[in-house]
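Input: a single structure, listed below in structure tokens.
The values are calculated or read from the model by the stated rules, or taken from the named source; none is laboratory data. Source: prediction; values computed, not measured. Backbone-built Cβ (ideal geometry, glycine too); neighbour counts: all protein chains shown.
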């Protein structure tokens, strides 16, 4: 009996596993007898069979749908292939017809075909020239008609042929004119038109509260080539700006000296590669910064010494006019040294005064050697920067076969010379003031000794 129960349980377990995907989540009460177990097994078998039949029906239905879709796709493909064949046949027929019409056109044109071909070529070449001409800034769109004529496959009309030489004459006349017109300049006045003075086909200067050089350049943003007036990235130096100001402010008919660019913008474009003062300083690197620091420190110290020597010289000159000695100036201290030993022999007085002068000399010459050294070191630092730049350039040439000469940083040599020149002037003036003060002290000391000797002789 137990064996039979175990067998039935095993069969029930297998049937349950077979139907597990569909009834795994069903809540079932536990069986309490063999009859209940058999009923449960039969019920599960029926439910599994029903589920299997449903799945088979769904699969057959999907298969029929797929077959229908496949049939539709094949019919659609056959229809498209038929249309493609018809279109290809029509294309070949059209191409043949076009060839026949071209032959008829060439035969009908005769010698005029070559003439019209030359006219189209001239219109295309001249239209391209007009597009890049600065004069088109005043007459926008004038090249479009010529370019359309060049691209047309039909015979040009009389007005199209006339437009070629008429536009050519207009270009020739405009090249000799200096005119002012309103035009939008990219980068100025928020895109609003501003007065623009055009010098032939060579130069354009906008008036935006002051002269602003502009250039007729290609607009890269459009699919078809077009041109716009654009403010130069960097304006030329002050001399050209002054001449441009005279140009835009001139009265009609007035003759003024103004700038002109015979290269039609190429020379003005060079100025964007010309570094300004700060960029040149950056090219010098760390050496240029050291030279600048040396110049600032040395010049500040030199100016301080100049002011000190001027004050000392003024104090000495003031002391010369007073008989009462003061410790606040070198001459007063020398006079006090004389007062201390005026009752002694002349030789002793001379030695004492000489000693007092020697004590004042280092104070007067303080810092002069430093200024002289700084003036000599500055150009040497500049030379050092240039040599290190040359070494880097030669290293690049050795490794890569080429190098940038700007890396040589010749600006460091210029910086060194610029620093040395004012330092030499400051040292020269300071040394001159110091020598003048020393000479005054020696003269006054000699006068003091001479008066003392005269007083002794008279006594």
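Each row is one residue, and each column tells you yes or no for (1) outside any helix (DSSP H, G or I); (2) touching a helix residue (DSSP H, G or I) at 6+ places or on another chain (Cβ under 7 Å); (3) modelled with pLDDT of 85 or more.
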{"site": "209", "(1), (2), (3)": "yes, no, yes"}
{"site": "213", "(1), (2), (3)": "yes, yes, yes"}
{"site": "218", "(1), (2), (3)": "yes, no, no"}
{"site": "223", "(1), (2), (3)": "yes, no, no"}
{"site": "239", "(1), (2), (3)": "no, no, no"}
{"site": "256", "(1), (2), (3)": "yes, yes, yes"}
{"site": "267", "(1), (2), (3)": "no, no, no"}
{"site": "271", "(1), (2), (3)": "no, no, no"}
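Quick check on the stretch 381-393. Is at least one of its residues free of Cβ contacts under 8 Å to residues at least 60 places away in the same chain, under 20 Å from residue 285 (Cβ atoms), in a helix (DSSP H, G or I) and out of contact with any helix residue (DSSP H, G or I) (no Cβ under 7 Å at 6 or more places or on another chain)? The answer is yes, given that some residue of the stretch 381-393 is free of Cβ contacts under 8 Å to residues at least 60 places away in the same chain, under 20 Å from residue 285 (Cβ atoms), in a helix (DSSP H, G or I) and out of contact with any helix residue (DSSP H, G or I) (no Cβ under 7 Å at 6 or more places or on another chain). Residue 147 passes every criterion in (1) within 35 Å of the chain's Cα centre (by Cα); (2) outside any strand (DSSP E or B) apart from (1). Touching a strand residue (DSSP E or B) at 6+ places or on another chain (Cβ under 9 Å) and either outside the structural domain of residue 229 (by TED's automatic domain parsing) or exposed (fewer than 13 other Cβ atoms within 10 Å of the Cβ) (or both), is that true of residue 98? In short, no. Selection over the stretch 273-289 of residues that are buried (at least 16 other Cβ atoms within 10 Å of the Cβ) and out of contact with any helix residue (DSSP H, G or I) (no Cβ under 6 Å at 6 or more places or on another chain) gives a count of 1. When we screen 122, 150 for residues that are surrounded by 15 or more Cβ atoms within 10 Å (Cβ to Cβ) and closer than 25 Å to residue 103 by Cβ, the only hit is 150. Against the test of being assigned to a helix (DSSP H, G or I), in contact with a helix residue (DSSP H, G or I) (Cβ under 6 Å, 6 or more places away or on another chain) and more than 18 Å from residue 292 (Cα to Cα), the options 360, 355 yield a single qualifying residue, 360. Residue check: residue 142 meets all listed conditions (1) part of a loop (DSSP other than H, G, I, E, B); (2) farther than 25 Å from residue 263 by Cα; (3) within 43 Å of the chain's Cα centre (by Cα) but one, namely (2). Going residue by residue through the stretch 394-403, is there one that turns out to be surrounded by 20 or more Cβ atoms within 10 Å (Cβ to Cβ), more than 16 Å from residue 289 (Cβ to Cβ) and modelled with pLDDT under 80? Within the stretch 394-403, none of the residues are surrounded by 20 or more Cβ atoms within 10 Å (Cβ to Cβ), more than 16 Å from residue 289 (Cβ to Cβ) and modelled with pLDDT under 80.
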